[in-house]
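Q: One structure, as structure tokens, below. Some questions next.
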Amino acid sequence: MMEARKYVWEGAIPLQIHLHESEVTTLPPPLPALILAPRIGYLPLLVPHIKPHFSSTLPPGIDTVWFDYKGLPLKWYIPTGILFDLLCAEPERPWNLTVHFRGYPGNILIPCEGEDSVKWSFINSLKEAAYIINGNCKSVMNMSQPDQVELWRSVINAGNLEAYIRVSSKLKLGTVGDEYAADLYSSSLNSRQSIGDTDSTGQVKTGKCFTLLDAVKSLLPEYFPYKSLNNEESSREEDKDEEKVPSENLSEHVESCYSSDDAEVKLVRIQGIEPKLEIPFSWVVNNLVNPEHFLHLCVCLKLPQVKIPSDT
Amino acid sequence: MDILSWDGTLSSGGRILIIGEHNSQEEHDEISCPQKEETSCSEKEELIDIATLVQSNCSKVPYYDLHIIYSASYRVPVLFFRAYYSDGEPLGFNAIEKDLPAHSAKALLDSKWTFITQEEHPYLNRPWFKLHPCGTSEWMKLLFHVDVSVAKNGVTIELYLLSWLSVVGQVVGLRIPLEMLNQP
């Protein structure tokens, strides 16, 4: 199990970063910078590696760094791998991005002051995950300073998984066991409770395992208009003896917001992988979760063809 | 619902009654609230209440937009706000801090339970300021525990938002008129 997680943790995206033409003051213009960006990392963290490449050509002024892809300003607080999976339906290798050092679009992007802003955003997401799982943020807020530093370092140092696990296990955010009945926390589509795998008293029910497909269906029911006959209809667990174990957090990024009349899910991409939808959701969660303890599902939709009325 | 075991959050499935009353000029603050409106919380819940606070006694008048949005993760309402001058120029955080009523706001900002972050508005997709929600359930619990009669009779959802707003509103200088709390 560690094997898969390590593999994912060390995943990276090759980037080809071009300086925006308005900021090129020398001839010939600088070549684009080539850099391997960790999937679980964030674009602003790459700036110290990119800047030297362009510093001699930049116009005078203070740096306010931001990136765009085909003109779309990129949200810096979203992990690089997710931006790539979302924006490149057909993966582009290397991924061509444009970097700007001036003219930050403050009306569109929230400000970013380098590594500190990214770290703050990361910790905030981790707090949110802790809140959803435990009902409070205490475990994250009470982290010792050295632990915090080590946790953050393990994330940004191109994936030091052992260190991460060492620190994050203190946060008691748990792993997910297999769910044999669709036990959905009906008040929120974005969280789910599951039975712990530490439980040995035969809480395993007979029936089908909760799969990735089940999870996607519960999050995006509008794209699955025909209710299936199987385990989705299972009753909610009300058994008080059950150990309420941490629920995992899902963040789904849907590529488009068209009406769902005929739209269907074309593919689901997680950490750049398109897993078979029949696999147990618990495996997906335990292996593909991001360091801030959110599972990001990138869903591509196939949209119906629009009929354009012809003039008569 | 037993008040003592309440965790201070607002779960979806409850009904929220927003009782509005057009408030006349009291202390130069005007709050326009929606009229009597029933909103039921469903799964994909969000509750948006737009109020504009205008302070009329400054030379360069800042306008504030306040939105109340339900957070499914924290299961509490969250205050989003932004400020701008009449010419559209946005106020940065430092300017806002200077603008807020000095006494209570500063205390709230210094407390561990309320702090301001800048985040993307979930629906408008623009940078707004937000009062971080992670402490909300804690102080909402305290708020309701103090009142013995409430503890006996249970909390009514109608009061939740008003009580919540009476606390967070102070951060942005919003005062809730007492009449609103006396509505049957």
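A short reminder: the numbers here are calculations on the coordinates, not readings from a lab. From a predicted model like this one, the values you see are computed outputs, not experimental measurements. Positions of Cβ are generated from backbone atoms using ideal geometry, with glycine treated the same way; all protein chains shown enter the neighbour counts.
Q: Measuring from label point to label point, each 7 Å out along Cα→Cβ, what is the A:Glu90 to A:Cys300 span in nm?
A: So the label points at A:Glu90 and A:Cys300 sit 1.0 nm apart.
Q: Take the cross-link list A:Lys138/A:Lys172; A:Lys70/A:Lys266; A:Lys208/A:Lys302; A:Lys127/A:Lys170; A:Lys70/A:Lys127; A:Lys75/A:Lys276 and give me the ones stretching past 21 Å between alpha-carbons. Show your work: numbers first, answer last.
A: On the way: A:Lys138/A:Lys172 11 Å; A:Lys70/A:Lys266 23 Å; A:Lys208/A:Lys302 28 Å; A:Lys127/A:Lys170 14 Å; A:Lys70/A:Lys127 33 Å; A:Lys75/A:Lys276 29 Å.
The pairs that break the limit, which is 21 Å between Cα atoms, are A:Lys70/A:Lys266; A:Lys208/A:Lys302; A:Lys70/A:Lys127; A:Lys75/A:Lys276.
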